[in-house]
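I have placed the structure first, in the form of structure tokens, so that the comments after it can refer back to it.
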Number of protein chains: 2
Amino acid sequence: MGGRPARPRRRADGAASRARLLEAAGKLFASQGYAAVSTRALATAARVNLSAIGYHFGGKQGLYREVLRSLIADTEPLLGPAVEHLVAGVAAAAGDRARLADTAAWFVRHLLTSFLADGRMRWQMALMLREFHQPSEAFPMLLDERIHPLHDAVAGLVAAATGRAPAAPETRLLTAAVIGQCMAFGIARTVIWARLGWDRYTPERVEQIVQTVTPAVLAMLGLPRAAGEAPGAAKPQRGARGTRGARGAA
Amino acid sequence: MGGRPARPRRRADGAASRARLLEAAGKLFASQGYAAVSTRALATAARVNLSAIGYHFGGKQGLYREVLRSLIADTEPLLGPAVEHLVAGVAAAAGDRARLADTAAWFVRHLLTSFLADGRMRWQMALMLREFHQPSEAFPMLLDERIHPLHDAVAGLVAAATGRAPAAPETRLLTAAVIGQCMAFGIARTVIWARLGWDRYTPERVEQIVQTVTPAVLAMLGLPRAAGEAPGAAKPQRGARGTRGARGAA
DNA sequence: CTAATTAGGTCGAACGTTTGACCTATTCAA
DNA sequence: TTGAATAGGTCAAACGTTCGACCTAATTAG
């Protein structure tokens with residue numbers, strides 16, 4: 001039985017196997033954890049021979065390290081510019097609390113839609129979470145290249161809004177609260193879904209979350225309701241609402 | 001020299017082995033995940049023979065299920081009365097926003113100190129988190145007996161504060177945001193510690209978090225600053241702060 | 001009172017399977 | 001031909017589970 005005729009994909013270039021392995025490993029490690037995923041499951045999911053893991057990455061551990069490394073690289077185009085835009089927005093607001101609110105609202109929306117999207121970011125978030133809880137040798141890298149820049153940028157916003165120093169403990173805690181609030185909807189999605197009767201996130205549902213979280217974050221920071229948010233059908237509110245006090249610039 | 005004198009621990013009662021197994025398994029499963037913990041590691045940590053797992057729980061899976069079951073029972077005395085107290089407090093406030101704020105502040109403090117304590121609750125939180133992310137067959141039980149009561153109670157507070165219906169999607173999302181914010185400091189503790197230069201939570205540090213999160217939550221809910229919080233040294237604030245609007249009873 | 005039996009629990013030693021790492025032969029592109 | 005990549009297989013170690021022997025405390029029969 002000569003096996004060779006009509007072979008559409010044979011001798012795939014190694015780069016493709018490598019990439020498939022990285023992608024499949026990311027999903028599997030994120031959803032089941034490092035120890036729960038066998039090299040055979042990895043190879044099967046990536047439609048790659050078992051040896052490819054050893055060949056390309058030196059072993060299971062090397063594959064995991066490389067998954068984390070490429071996670072950082074992958075999220076750069078999504079988070080890097082947003083962080084820069086946030087820093088620039090805070091600087092440009094220059095004490096104008098309405099503009100600060102707009103910048104904050106924009107960033108919250110960006111963060112939430114990134115965190116709750118159904119693409120790569122989904123398992124990347126999960127994988128980061130696992131690193132938070134049981135840090136591997138790659139955790140410091142993740143901290144330096146992803147966490148610190150993000151937190152520093154948001155801390156700048158918080159500092160501008162509260163008038164405290166960016167490095168003050170209160171600023172950093174409030175920063176963590178803001179980011180944590182956005183992440184919570186990604187982390188505890190099964191609970192959120194159960195509470196809301198959802199089975200997954202859709203763009204409309206994410207928008208609902210944005211419309212809920214944005215005013216909350218603005219209130220936490222003592223900022224006025226942003227102009228771009230709540231375009232009408234959002235939250236007319238009954239009589240009881242605070243956080244609307246007339247307070248000009250700082 | 002008959003064999004029997006001075007035998008400090010012999011014929012250990014099975015209940016003790018069972019309990020030690022449950023305790024050790026809870027910690028190990030929480031910190032490393034189900035698949036990453038071997039039955040041998042379990043038996044060693046519990047200072048119990050390997051066969052005890054099969055004898056008492058039918059196997060590794062049965063042990064895990066029982067760990068989760070006893071988690072629910074263990075957290076009952078801590079969370080059950082708090083939930084009742086919250087519900088009662090919301091009802092007693094009867095539209096008095098200052099009293100509502102006091103109740104909310106009390107509950108936030110209770111939730112945070114519970115979540116961030118260093119005892120059992122630490123690994124219990126972690127284990128719950130793991131269930132959120134990859135629900136096992138025991139997830140519905142956890143949902144019904146721990147999550148729903150807690151969320152329903154907080155939703156009552158949120159509804160009273162915002163004037164929306166307790167079952168409204170916006171209410172439930174805001175509820176998730178409030179609870180998620182408290183949990184975030186437990187989930188991402190490694191990140192928080194790295195940001196603040198901490199190596200662990202102390203009562204003073206938890207108090208700092210309480211003093212940060214409480215005003216944030218009150219602001220999210222549009223409630224006035226609670227009387228019992230910020231007893232003086234908390235946060236004098238510079239000029240820029242909102243959420244202090246004079247608003248009497250509803 | 002004594003001796004045999006039962007019940008509850010522990011123990012060490014295996015069971016068969018699966019794991020990650022490794023190895024060699026083979027295949028294809030250049 | 002050469003070298004990167006794949007296929008298939010072997011290996012020791014570790015996995016969860018099961019088993020029979022064993023121990024002790026309580027119960028029962030005589």
Put a label point 7 Å from Cα along the Cβ direction on B:Asp152, then list its distances to the equivalent points in the other copies in nm, shortest first. 4.8
Can you give the alpha-carbon Rg of the stretch A:74-249 over 2.2 N^0.38 Å, where N counts its residues? 1.05
Using the alpha carbon gyration tensor of the protein assembly as shown, what are the three equivalent-ellipsoid semi-axes (square root of 5 times each eigenvalue), largest first, in whole Å? 41, 33, 20
Calculate the mean, over all residues of peptide A:131-138, of how many other protein chain Cβ atoms lie within 10 angstrom of the residue's Cβ. 4
Those GluC sites (Glu not before Pro) in the stretch A:120-159 that DSSP places in a loop and that have at most 11 other beta carbons within 10 Å: A:Glu137
Per-residue mean of other chain beta-carbon atoms within 10 angstrom of the beta-carbon, peptide B:185-193? 6
Could you tell me how far the Cα centroid of the stretch B:186-206 sits from the Cα centroid of the stretch A:32-98, in Å? 25
For B:Ala35, go 7 angstrom from Cα along the Cα-to-Cβ vector, then report the distances to that same point in the other copies in nm, smallest first. 1.1
The stretch A:31-132 - Rg and Dmax from Cα coordinates, angstrom: 18.8, 59
Averaged over the residues of A:200-213, the number of partner chain Cβ atoms within 10 Å of each residue's own Cβ comes to 2
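All of the numbers you see were taken from the coordinates with simple rules; none came from a lab. As the structure is a prediction and not an experimental result, all values here were calculated from the model. Every residue, glycine as well, gets a Cβ built from its backbone with ideal geometry; the counts of neighbours run over all protein chains shown.
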